[in-house]
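Inspection log for the structure reproduced underneath, given as C-alpha cells.
Since every read-out is calculated from the coordinates, none of them should be taken as a lab result. These figures come from a predicted structure and were not determined experimentally. Note that each Cβ is placed from the backbone with ideal geometry, even for glycine, and that neighbours are counted across all protein chains shown.
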Amino acid sequence: MKIKANLISGRTADQGAHLEAKTHKGYFDACTYCELNSADLKRLGASEGDSLKITTEFGEVVVFAKANEGNPDGLAFIPMGPWANAVLSPDTHGCGMPGFKGVPAEIEVTDEKPLDMKSLMKKYMED
Amino acid sequence: MLVIKDAVCSLCGSLCDDITVTVEDNKITKIENACILGRSKFVGMLEHDRIETPMIRKDGKLAPVSYEEAIEAAAKILVNSRRTLSYGWCSTSCEAVSAAIQLAEETGSVIDSTANVCHGPTALAAQEKGSPSATLGEIKNRADLIIFWGCNPVHAHPRHMVRYSSFSKGLFTEKGRKGRTMIVVDVRKTDTAKLADKYVEIDQGSDLILVTALRSIINGHGDVIPEVIAGVPKAEVLELAETLKNAKFVCIFFGMGVTQSRSKYKNADAMSSLISDLNQHTKAVMIGMRGHYNVTGFGQVATWETGFPMAIDFARGYPYYNPGETGANDLLVREEPDAAIIAAADPGAHFPQKAVRHLARIPVIQIDPYPNPTTELADVVIPSAIVGIEAEGTAYRMDAISLRMKKLIDTKFKTDEEIVKDLATKVRELKRGA
C-alpha cells in the first residue's frame, strides 16, 4: 500500500543534541525516521519501527516509521539531516532557499533498512 | 578546580550567557543552567569524535598530514579555482567571519552563510519591508502577547521561553507565564503548541494567506474573509486579530515554518506589513528564531564589511549580491563552483541531494572541530578549536545583541580565525610565485 503525503522537515531536540556528534549512532537514531499520525500508519499497514520508503521527484530514502498524533492526516515529518535531504526539493524559487517543507511524497512499507550516515554519503561520492 | 560563571553557550541563537562551567584538569566536568543542546555540546565534547589531525584525501581515503601540508593543499585548491564557494562560518566567531570575508575577496570567491538554508528569506524580507524588532530584554520586560509562528522552541531553542519569552518574569511582566498570552501558529501540534493558550493549526504552506487575512481584518476589511481561510475557520481568525489588536505589546517569533514554506521570503515580508498595521493600534515587533549561535553575527559582519548580509560574490572584484543567483544552493544546483571551502557548518547534512551531489564532485576544504557528513565529501580537512569553549570570540544573539564568548579550557587546535589567516598568507605566497 502506498500513500501520498506532504513532506516537511525540521529541528528536533535529539537531532540538535547530536549536531556536533553526527558520526554517532545517536544521530542516526535522531534523524532516520518519518513521523505520521496513527491513522496514516494504519492506512500504510505500518507499525512503529517498520522501514518506510519515501519517494519524491528528487530521490528516495528509507527511514523508520514513527507515530506522532500531532500531525494532521497526510503530513509527514522527517528531522532535518542527510536522510531528509535525499528527498527534499533543491529548487529555491529564485530566492536562495531550497524546498525543505511542502514536498509531495509517496510512502510505502519496505524490507530495506535505512543506510547509516557514512554509507549514505558514500553514494554521493560514487555517483 | 575552576568554576567559571556566566559563560556563553555557543550552540543556538539564544546565546544563553548564564552558564556555569566547572573545569578540572583542563576538562569540563560539570555544567549548570544549560539545556539538552548546550549540555551535549559542552559536556559531550569530551565524548564525541573530534577531527584529531589535518587530513588530505588520497586514493579515496582521508589520510593524516601535517598542518602545513594541509594549508598548502588547501591554498592550491583556492589558487587553481576559478569559482570558489566559501560557505558556513556560523558556528564560529565574528573575528573568523571577518577573516573569511577577506579571504573570499582576495580569491574572488562567493561567500555565503547558513542563512541560505535558514533565515535568508528573513533578510530579504527585511530589505523589502524592514524588520520592526526589539531586544529579547524588551520582550522579557514588556511583551504580554507572545506568538510562535512556524517555530518550535521547545526543541530548537529550549531555554528561550524561560529566559526571554513566555515563562520569563520582567519589569512589567512580573506574573510571568500567567500574565502573558502565548499563541502558536503551526502546521502540526508541536511540543511548543502543547504549552500554548491557543494553537492555530493552518494548512501547510498557507502562512502568507493567513497573514494577509489578519491584515485585512485589522485594517477594517474583515467582510472579505471567506468562511475558512488557510484551513482555519473565519471566527477563529477574527478572534486572533482581536487578540493581536488588544494586546499591549506583541512579539511574533517566527522560524523555518515561515522561511522554508511556500512563498518563502514573501511570508516574512507580509508579516512585517502586519506588524506595521498592528502598530497603528498597539506596540508590535517580530524576531526571527535564529539557529546557529552566530549566524546573526555573520550577517552583521558581512553587512558592515561588504554592504550585504550573505551570498556575496567577489568575482567582479567588488561585492555583488543576488541571493537567488549567488546563494550557496543555487550555485551548487547550477554546478557552478569548481571548489568549495566550508567551515563551521555542514552542507553535507543540510543541503538537498542535488547540491550535495555537486559538492561531492569538486575539491572541498573543510575546517571544523568535528567529523560530519561534509567530512565524507572533503578533500582537505583541517581541525579547529571550538569557539566558546576552547577559544574566545564575539557572537551576536538572535536579536543582534553582541556577546563575548569565553575561552574555558586550553586546546592544541588552532582557531578558525588563525587557520583562515594562515590560509590567506599561503594563497598570497602562491600567487606571488605565479
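Tabulated data for the structure shown
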item: Of B:V200, B:V301, B:S86, farthest towards positive along the dipole that unit charges on Lys, Arg, Asp, Glu beta carbons give chain B; result: B:V200
item: ³J(HN,Hα), Karplus 6.51/-1.76/1.60, whole Hz, each residue of region A:101-108, x for Gly, Pro; result: 9, x, 9, x, 9, 10, 10, 8
item: For chain B, calculated [θ]222 nm from helices alone, where every DSSP H run of n ≥ 4 adds -39500 (n - 2.57); result: -10000 deg cm²/dmol
item: In Å, descending, principal axis extents of the Cα set of region B:1-74; result: 46, 29, 20
item: Relative contact order [Cα under 8 Å, 6+ residues apart], chain B, whole percent; result: 24
item: At most 12 other Cβ within 10 Å, DSSP loop - trypsin sites (Lys or Arg not before Pro), region B:372-414; result: B:K412
item: B:K178-B:T135 FRET efficiency (beta carbon distance; Förster radius 30 Å; 0.05 resolution); result: 0.80
item: Sparsely packed trypsin sites (Lys or Arg not before Pro) within region B:1-88, loop by DSSP, other Cβ within 10 Å at most 14; result: B:R82
item: Estimated dipole of the protein assembly as shown in Debye, rounded to 20 [Cβ of Lys and Arg +1, of Asp and Glu -1, Cα centre]; result: 800
item: Kirkwood-type radius of region B:368-423, with distances r between different C-alpha atoms, in Å; result: 12.7
item: With Cα atoms, 0 to 90° folded angle of helix B:416-433 axis to chain B main axis; result: 50
item: Proximal aspartates and glutamates to A:K53, defined as alpha-carbon separation beneath 20 angstrom and excluding residues fewer than eight positions away on the same chain; result: A:D29, A:E35, A:D40, A:D73, A:E106, A:E108, A:D111, A:E112, A:D116
item: At q = 0.09 Å⁻¹, base-10 log of I(q)/I(0) for the protein assembly as shown (Debye sum, equal scatterers on each alpha carbon); result: -0.65
item: Shape call, region B:120-288: gyration tensor on alpha carbons, a/c limit 1.5; result: rounded
item: Value of [θ]222 nm, deg cm²/dmol, for chain A, DSSP H segments ≥ 4, -39500 (n - 2.57) each, nearest 500; result: -6500 deg cm²/dmol
item: Region B:5-90: GluC sites (Glu not before Pro) falling in loop per DSSP and having at most 13 other Cβ within 10 Å; result: B:E47, B:E52
item: Computed magnitude of the charge dipole of chain B (debye, nearest 20; Cβ of K, R +1, Cβ of D, E -1); result: 660
item: Separation of the A:K123 and B:K234 label points, Cα + 7 Å toward Cβ, nm; result: 4.8
item: Kirkwood Rh, Cα atoms: Rg over Rh of region B:164-239; result: 1.05
item: Contact order normalised by residue count of region B:2-44, Cα under 8 Å, 6+ apart, percent; result: 32
item: From phi via Karplus (6.51, -1.76, 1.60), per-residue ³J(HN,Hα) for region B:174-189 in Hz, x at Gly/Pro; result: 5, 7, x, 4, 5, x, 10, 9, 10, 10, 10, 10, 7, 9, 8, 6
item: Cα-Cα over 19 Å, subset of B:K245/B:K283; A:K123/B:K76; B:K27/B:K412; B:K30/B:K412; result: A:K123/B:K76; B:K30/B:K412
item: Residue order, fewest to most beta carbons within 10 Å, for B:Y67, B:Y199, A:Y27, B:Y370; result: B:Y67, B:Y199, B:Y370, A:Y27
item: Region A:2-126, relative contact order [Cα under 8 Å, separation at least 6], %; result: 36
item: Sorted by Cβ neighbour density within 10 Å, fewest at the top, the residues B:S273, B:S384; result: B:S273, B:S384
item: Between 0 and 90°, nearest 10: helix B:265-278 axis offset from chain B longest Cα axis; result: 40
item: Dipole-positive endmost among B:G44, B:L278, A:L36 within the protein assembly as shown (Cβ charges, Cα centre); result: B:L278
item: Dipole magnitude of region B:2-44, debye to nearest 20 (Cβ charges: Lys/Arg +1, Asp/Glu -1, about Cα centre); result: 160
item: Square roots of 5 times each gyration tensor eigenvalue, C-alpha, region B:2-44, largest first, Å; result: 17, 11, 7
item: Mean shadow area of region B:257-413 over all directions, Cα convex hull, nm²; result: 11.8
item: Cα Rg, Dmax, chain A, angstrom units; result: 13.9, 40
item: Two-site label geometry, B:K198 and B:R432: point separation in nm, points 7 Å out along Cα→Cβ; result: 6.7
item: Nearest-0.05 FRET efficiency for B:N322 and B:E69, computed from C-beta distance (R0 56 Å); result: 0.90
item: For A:Y33, distant residues with modelled amide H under 5 Å away; result: A:F64
item: Between helix B:67-80 and chain B: long-axis angle, C-alpha atoms, 0 to 90°, nearest 10; result: 70
item: Dimensionless Rg/Rh of region B:75-149 - Kirkwood Rh, Rg from C-alpha atoms; result: 1.15
item: Derived scalar couplings ³J(HN,Hα) [region B:135-147; Karplus, 6.51 cos²θ - 1.76 cosθ + 1.60; whole Hz; x for Gly, Pro]; result: 7, 5, x, 5, 4, 4, 7, 10, 5, 9, 10, 10, 10
item: Positive-pole candidate from B:I139, B:S66, B:N116, dipole of region B:49-146, charges at beta carbon; result: B:N116
item: Separation between Cα centres of region B:187-242 and region A:87-114, rounded to whole Å; result: 26
item: With eigenvalues of the C-alpha gyration tensor scaled by 5 and rooted, chain B, Å; result: 40, 26, 17
item: Long-range Cα-Cα pairs in region B:32-73 (distance over 18 Å), rounded percent; result: 49
item: Euclidean distance between Cα centres, region B:57-96 to region A:12-50, Å; result: 33
